[in-house]
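Scroll down for the structure; my scribbles are underneath it.
Coordinate-derived values only; no laboratory data. Everything numeric in this text was worked out from a predicted model, so none of it was measured. Methodologically, a virtual Cβ is constructed for each residue, glycine included, from the backbone with ideal geometry; neighbour enumeration extends over all protein chains shown.
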Amino acid sequence: MKKSAVLFLIASCLAFVVALYAADTPPGKSYVYKQSAGQSRDMEIYFPPNHDPAKSKVPGVILFHGGGWGGGSLSQFRTACHYFASRGLVAATVNYQMLKRTTKLPEGETRKRVCITDAKSAIRWFKQHAGELGVDPARIITGGGSAGGHISALATLNPGLNDPTDPKDVDTSVVAYLWFNPAFSPNDSRDAEVDVLRYLKKDIAPAIAFFGTNDGWKRGWDAAYEKLKNLGNTTTELWLAEGQPHGFFNKDPWQTVTLIAADRFLVQQGVLKGEPTLVPPATGEKLAKKP
């Protein structure tokens, strides 16, 4: 079996496991942000306590689930969104169109494209409805896990892959990224539209990325991180969990550890205030920041 197929299988299995661990967090309020391929595309939104959209415009965060660009569910980031809402953000977890691996596509095109197009639509919808949601459209954060991290990056960095029905006057720019072991693959060079390395630049929005040191997807991230450093980028942080595999952040104690680090990162960016309200695990797990 090819290494890429093995990594896809791992990501898909983890998506199933995630649903089990997220079962205790109730769904957010459901919204349909578009129709694509004859189906509704949904997002669940969590609001801060006593949030009044008519009186308050707060930053928002949009997180995309993983699952190998062909699976996964909104359940992956329900806990994270619930937490970020408790800290004052309007937080959304989003699904998107996913093609089967057997889908026949034109030469040079991959099934990842449709995921990115829907992600761009979701960000635009979120900004377009900022008034009713009580969101400041100029202070939007995005990110995701594994394939969702990849999708969030291309949705904001690639000027193409737009849905022609989306409002042209609403952009997909963001002020920060939360990347949970994003799946940046060297194989994406075969399709320029989905190749993160082609769109990286020195002044991308500040980002924090989390990886386990035993994650097979880390090789793709390392290439992207090296390019960012060579470009002179100084606003991308990498935090490592020693000995952990892909998807380590999906369950405690590492879920709490990564959310605390993400919280502190957002405080540094000026979109949150105060200290994290989560309690670090008594077992002492810690992330190490890579210089």
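A few notes on this one:
- Of all lysines in the structure, those lying under 28 Å Cα to Cα from residue 229, and not within fewer than 8 positions of it along the same chain, are 3, 112, 120, 201, 202, 218, 286, 289, 290.
- Whole-angstrom gap from region 68-90 to region 203-228, using each part's C-alpha centre: 21
- Shape class for region 177-236: oblate, because the ratio a/c of the largest to smallest gyration tensor axis (alpha-carbon atoms, square roots of eigenvalues) is 1.5 or more and b/c is at least a/b.
- From least to most packed, judged by other beta carbons within 10 angstrom and beginning with the fewest, 174, 267 follow the order 267, 174.
- Charge dipole of the chain about the Cα centre (unit charges at C-beta), most positive-ward option of 234, 200, 288: 200
- Dipole of region 3-290, positive end: most advanced residue of 63, 125, 210 [Cβ charges, Cα centre]: 210
- Overall size of the chain from C-alpha positions, given as principal axis extents largest first: 51, 47, 40 Å.
- Relative contact order (%) - criterion: Cα under 8 Å, at least six apart; region: region 78-122: 32
- The chain: relative contact order as a whole-number percent, Cα under 8 Å and 6+ apart: 16
- Helical segments meeting 18 Å axial Cα length and Kyte-Doolittle 1.0 threshold in the chain (DSSP H): 3-21
- Protection proxy ranking of 207-213, 94-100, 219-225, 282-288 - average other beta-carbon atoms within 10 Å, highest first: 207-213, 94-100, 219-225, 282-288
- Charge dipole (Cα centre; +1 on Lys/Arg Cβ, -1 on Asp/Glu Cβ; no other charges) of region 47-158 amounts to roughly 180 debye.
- Ranking of 263, 42, 24 by count of other Cβ atoms within 10 Å, fewest first: 24, 42, 263
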